[in-house]
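Just below is one structure, and these are the notes that go with it.
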Amino acid sequence: MEQKEKRIVVKVGTSTLTHESGAPNLRRMGHLARILSDLHGMGHEVILVFSGAIAVGTSRLGLRERPGELRMKQAAAAVGQCQMMHIFDQFFGEYSQSAAQILLTGDDVEDTCRREHLKGTFSALLEMGVIPVVNENDSVSSAEIETGRHKVLGDNDTLSAIVAKLCRADLLVLLSDIDGLYDADPKTNPEAKLLHHVASLTPEILEMAGGAGTWRGTGGMATKLSAARIAMEAGCDMVIANGADMDSLYPIVEGQTVGTRFLAANPNQEETI
């Protein structure tokens, strides 16, 4: 891999990929597939992590709101995952780009043997020019949709950071419904300032994390800062940016100032997968 070419993990949140109704946002999904295919054509290796299966399944099943019962959430996730992957596969296919589905649970990254097989799968897919499309396997894992006890993954922000660490990615990009990390809540403080660079997760930085987002998603700034810690310690830069502007991925990959960039602590010294 040439110096200018990068291994990139892009995580896109539920609020970016779905409408308020929970239905898939086809315009954004299509735009995302085009940009990721283009980045791949530029020589970059790309991995996509997405959220939204439960929201899409809820909409597809005609339910009026996100289910409360765990088994119903998992059923909705199974329906939504099928629909989302079908849509992504169609969009990627329009650009002659192959994609592959990878569904993970906490055991897959905790168990040494399974983790090594997983790294091998990612390595083979990237070597063949395929874009892995990753989500948590909510149909069998309750790590994100059920809280109250220790979980390895727990949310797709953390999942994307773990994937970035496993694959020794150069860059992790979290596309959400926010512009980045502010020094105060911009919804309540008009003087809140966007932080463009974060070199260390100090107590002051960690205190800036707020709560979760909309009913469609579970993530908030706290989960993104948790992901930042994993990525930074693994030698991977992480950027939080607004998914409403998908084209910002181009300047982000080029290293330009977009959103908030969390700077890697040290280059990863592990062997490449």
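Within segment 58-77, can you find the residues that are touching an Asp or Glu at 6+ places or on another chain (Cβ under 8 Å) and either touching a residue at least 40 places away in the same chain (Cβ under 8 Å) or within 17 Å of Val12 (Cβ to Cβ) (or both)? Leu70, Lys73, Gln74, Ala77 - these are the residues of segment 58-77 that are touching an Asp or Glu at 6+ places or on another chain (Cβ under 8 Å) and either touching a residue at least 40 places away in the same chain (Cβ under 8 Å) or within 17 Å of Val12 (Cβ to Cβ) (or both). Scanning segment 21-49 for residues that are touching a residue at least 60 places away in the same chain (Cβ under 8 Å) and either in contact with a Pro (Cβ under 6 Å, 6 or more places away or on another chain) or acidic (Asp, Glu) (or both) gives Glu45, Ile47.
Out of the residues in segment 94-123 that are β-branched (Val, Ile, Thr) and under 14 Å from Val163 (Cβ atoms), which is surrounded by the fewest Cβ atoms within 10 Å (Cβ to Cβ)?
Narrowing segment 94-123 to residues β-branched (Val, Ile, Thr): 102, 105, 109, 112, 121.
Filter once more, keeping what is under 14 Å from Val163 (Cβ atoms): 102, 105, 109, 121.
Details: Ile102: 18, Thr105: 20, Val109: 19, Thr121: 14.
Restricting to residues being β-branched (Val, Ile, Thr) and under 14 Å from Val163 (Cβ atoms), the top hit is Thr121.
Exactly one condition in (1) without any contact (Cβ under 8 Å) to a residue 60 or more places away in the chain; (2) closer than 15 Å to Leu48 by Cα; (3) part of a helix (DSSP H, G or I); (4) not aromatic (Phe, Trp, Tyr) is not met by Met84; state its number. So Met84 meets the others, but not (1).
Yes/no per residue for (1) in a helix (DSSP H, G or I); (2) within 24 Å of Asp245 (Cα to Cα); (3) charged (D, E, K, R); (4) more than 19 Å from the chain's Cα centre (by Cα):
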position	(1), (2), (3), (4)
Ile35	yes, yes, no, no
Leu39	yes, yes, no, no
Gly43	no, yes, no, yes
Val49	no, yes, no, no
Gly62	no, no, no, yes
Gln90	yes, yes, no, yes
Gln101	no, no, no, no
Val109	yes, no, no, no
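Residues checked against (1) among the acidic types (Asp, Glu); (2) in a loop (DSSP other than H, G, I, E, B); (3) under 28 Å from Asn25 (Cβ atoms); (4) at pLDDT 85 or above:
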residue: Lys187; (1), (2), (3), (4): no, yes, yes, no
residue: Glu191; (1), (2), (3), (4): yes, yes, no, yes
residue: Leu201; (1), (2), (3), (4): no, yes, no, yes
residue: Trp215; (1), (2), (3), (4): no, yes, yes, no
residue: Thr218; (1), (2), (3), (4): no, yes, yes, no
residue: Ala222; (1), (2), (3), (4): no, no, yes, yes
residue: Leu225; (1), (2), (3), (4): no, no, yes, yes
residue: Ile230; (1), (2), (3), (4): no, no, yes, yes
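Checking the condition more than 25 Å from Met128 (Cβ to Cβ), surrounded by 15 or more Cβ atoms within 10 Å (Cβ to Cβ) and at pLDDT 95 or above, which residue from Val49, Val56 passes?
Every option except Val56 fails the conditions.
Residues in segment 59-90 that are of a type in the set (Asp, Glu) and modelled with pLDDT under 95: Glu65, Glu69.
Restricted to segment 136-181, and to residues that are charged (D, E, K, R) and surrounded by fewer than 22 Cβ atoms within 10 Å (Cβ to Cβ), which residue is modelled with the lowest pLDDT?
Our first condition is that a residue be charged (D, E, K, R); within segment 136-181, this holds for 136, 138, 144, 146, 149, 151, 155, 157, 165, 168, 170, 177, 179.
Subset that is surrounded by fewer than 22 Cβ atoms within 10 Å (Cβ to Cβ): 146, 149, 151, 165, 168, 170, 177, 179.
Numbers: Glu146: 56, Arg149: 45, Lys151: 52, Lys165: 96, Arg168: 95, Asp170: 96, Asp177: 88, Asp179: 93.
Filtering segment 136-181 for residues that are charged (D, E, K, R) and surrounded by fewer than 22 Cβ atoms within 10 Å (Cβ to Cβ), the one modelled with the lowest pLDDT comes out as Arg149.
Consider Gly30 carefully, then state whether it is touching an Asp or Glu at 6+ places or on another chain (Cβ under 9 Å) and in a loop (DSSP other than H, G, I, E, B). Spell out the reasoning first.
On the way: touching an Asp or Glu at 6+ places or on another chain (Cβ under 9 Å): yes; in a loop (DSSP other than H, G, I, E, B): no.
No: the conditions fail for Gly30.
The values are calculated or read from the model by the stated rules, or taken from the named source; none is laboratory data. Treat the numbers as computed from the prediction; the structure is a model and nothing was measured. Don't worry about glycine lacking a Cβ; one is built from the backbone with ideal geometry, like all the others, and counts go over all protein chains shown.
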